[in-house]
1. So if I restrict to the alpha-carbon atoms in the chain, what is the Rg, and what is Dmax, the biggest pairwise distance, in Å?
2. Can you flag which of Lys24/Lys160; Lys34/Lys172; Lys24/Lys104 are past 19 Å Cα-Cα?
3. With a 1.4 Å probe and all protein chains kept in place, how do Val28, Val164, Val138 rank by accessible area, largest first?
4. Would you mind finding the longest exposed-site-free stretch of the chain, with exposed trypsin sites (Lys or Arg not before Pro) meaning DSSP loop and at most 10 other Cβ atoms within 10 Å?
5. Under the rule that an exposed site lies in a DSSP loop and has at most 15 other Cβ atoms within 10 Å, name the longest stretch of the chain with no GluC sites (Glu not before Pro) of that kind, not counting the sites themselves.
6. Once the Cα atoms of helix 69-89 and of the chain are each reduced to a long axis, what angle between those two axes, in degrees from 0 to 90 to the nearest 10, is obtained?
7. With all protein chains present, calculate the accessible area of Ser135 using a 1.4 Å probe and round the result to the nearest 10 Å².
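The values are calculated or read from the model by the stated rules, or taken from the named source; none is laboratory data. These numbers were taken from a predicted model, which means no experiment stands behind them. Glycine gets a Cβ as well: all are built from the backbone with ideal geometry, and neighbour counts include every protein chain shown. Side chains are part of the model used for accessible areas, which takes the heavy atoms of the whole protein and leaves out ligands, DNA and RNA. Shrake-Rupley method; radii C 1.70, N 1.55, O 1.52, S 1.80 Å.
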Amino acid sequence: MGFIELVLIAVGLSMDAFAVAVCKGLSVQKLKGKHYLAVGLWFGGFQALMPTLGYLLGTTFEKYITSVDHWVAFVLLCLIGGNMLKEGFSREEEKAENASFGFKDMLLLAVATSVDALAVGITFACVPVEIMAASQLVNTVVAVCLIGLTTFTISCIGVKAGSVFGARYKSKAEFVGGAILILIGVKILLEHLGGL
């Protein structure tokens, strides 16, 4: 998995956080720097933490899944992407009434928006990350940091977009993120099945 695929995964994963950040932006009458920081740090931090945990889980069970690692990556990315597509097509609108940026609310939202990243971390253990000429561990640390920074940035943009434009981009963001993850899963599978 190279740098371009990694950037696309980072953007795809951050779409759930973007959608929730839009709702947070809708719920605040006057945005302040602390709102951007709270959303960005919580969502970006958990988007970096979860793939790290997934990678550790994946490497622990690596010997059991080596022969089917490409299928694991494909299935996980397609499941995550399919769920995001479903949410993107959903007509249900999330309520934007909750303006709380407190510990409990932000923790729950951060965990909810980063569960997908746990599964992506498992794929990092299955499909080597090759960003630079370094060990797999260094490449994975760089990948995790990139995912966290991307989510931080996109979440801050989401808060602003929510306060300016409202919820009209929420479902589009989830749709695009889901499509990206599915396409990367298909690419990984095709590469392992014969370099197509």
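1. Over the chain's Cα set, Rg and Dmax evaluate to 16.8, 54 Å.
2. Exceeds cut-off: Lys34/Lys172.
3. Ranked from most to least accessible, the order is Val164, Val138, Val28.
4. It works out to 96-196.
5. Between exposed loop sites, the widest span is 1-91.
6. Taking Cα atoms only, the helix is inclined about 20 degrees.
7. The accessible area comes out at roughly 60 Å².
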